[in-house]
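I have placed the structure first, in the form of structure tokens, so that the comments after it can refer back to it.
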Amino acid sequence: MSTTEKERAEPREPEAPRGVSRRGDLIFAGLAKGSGLFIMLALAGVAIFLVLQSIPAIGASGDNAYGRDNIVLYIWPLLYGTVLAAIIALVIATPLAIGVALVISVYAPRRIARLLGYVIDLLAAVPSVVYGLWGRETLQSWVFPIYQWLADNLGWIPLFAGPVTTGRTILTAGIVLAVMALPIITALCREVFAQTPTMHMEAALALGATRWEMIKMAVFPYSRSGVTSAVLLGLGRALGETMAVALVLSASGVITINLISSQNPSTIAASIALNYANASGIKTNVLIAGGLVLFVVTFAVNFLGRWLAARGQAKG
């Protein structure tokens, strides 16, 4: 019996109607493209609105620029405080997130790992206002004695120079942001670590490597770009946070590297949230100009993180 006769003799599974399948594919493709186009148009609309509303603020000065000679002198301290708080958050959150992700992916038994993963994911569901109230009412009282000890014993370091009068400092705000960025970085790192080829890990263990040596030789090289993108996405989360920083930080609007002093730089988002209700005229445009700067910085950081993630998947 020839191959053609065998194929004819074998029973075939009934095929779905081509019209229905094609119609469903066309509808799904149209909805997907429409959603993507809508997001792009919304993003472009936000950018155009921010640019147009920021133009009148270019020549603002004096009271219209909140006591600054020009808009650059108004935005620069806020941008510095925004970046400083985000960097503090990343310095604290990144090693914790990578460690928790490794415990969930490699070290912990499956039941414990699943429970720990649920707990970490639930942190992302807590509203930012709750984090702000926790930092304002509870965390600042916990860290205040630590700040006093740092000022008394390490005050010769500019980062910890006194005097210490409150626990509501840029370092406290950074700690709160670290807790908020932790679930994002952990979830992404966990997924990246889980994609490491099992054969690579088993081969390293079979050659006599310890669990930590296996992680260094097999897991980290494979997931380097993914971890980097996770950290950058966590940075984008920290840069755009508003209410938590506004509630925690006792800002004075100065540029300083001191992390525990009451002389704290504010952030762009917190400044907008605190001043927008009472702003009018050019002051509103000045605040929107600050929002434009934050929009550009956050967009660039998130775009870089997504690009690194896509690049890592392409290499994998």
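Observations on the structure shown:
- Contacts under 6 angstrom Cβ, first residue in the stretch 238-261 being without any contact (Cβ under 8 Å) to a residue 12 or more places away in the chain and more than 19 Å from N302 (Cβ to Cβ), partner of a type outside the set (F, W, Y) and assigned to a loop (DSSP other than H, G, I, E, B), 6 or more apart: T256/Q263
- Residue list for the stretch 161-214, restricted to those being over 30 Å from Q148 (Cβ atoms) and among the basic types (K, R): R190, R211
- Scanning the stretch 33-78 for residues that are of a type in the set (K, R) and not in a helix (DSSP H, G or I) turns up just one, R68.
- Hits in the stretch 166-211 (condition: open to solvent by 40 Å² or more (accessible area, probe 1.4 Å), under 24 Å from S225 (Cβ atoms) and of a type in the set (G, A, S)): A194, A203
- Among residues of the stretch 149-181, those that are under 22 Å from Y80 (Cα atoms) and part of a helix (DSSP H, G or I), counted: 15
- Check on V72, open to solvent by 90 Å² or more (accessible area, probe 1.4 Å) and under 31 Å from the mean Cα position of the chain (by Cα): yes
- Subset of the stretch 92-112 (residues that are surrounded by fewer than 18 Cβ atoms within 10 Å (Cβ to Cβ) and either aromatic (F, W, Y) or touching a residue at least 12 places away in the same chain (Cβ under 8 Å) (or both)): L96, V103, V106, Y107
- Taking each residue of the stretch 272-287 that is more than 19 Å from L247 (Cβ to Cβ) and modelled with pLDDT under 85 and looking for partners that are among the hydrophobic types (A, V, I, L, M, F, W, C) and crowded, with 17+ Cβ neighbours inside 10 Å with beta-carbon atoms closer than 6 Å, six or more apart or interchain, yields A279/L287.
The values are calculated or read from the model by the stated rules, or taken from the named source; none is laboratory data. The structure displayed is predicted, hence computed values, not measured ones. So basically every Cβ, Gly included, is an ideal-geometry build from the backbone, and we count neighbours across all protein chains shown. In case anyone asks, the SASA skips ligands and DNA or RNA and just uses the protein heavy atoms, side chains included. Shrake-Rupley method; radii C 1.70, N 1.55, O 1.52, S 1.80 Å.
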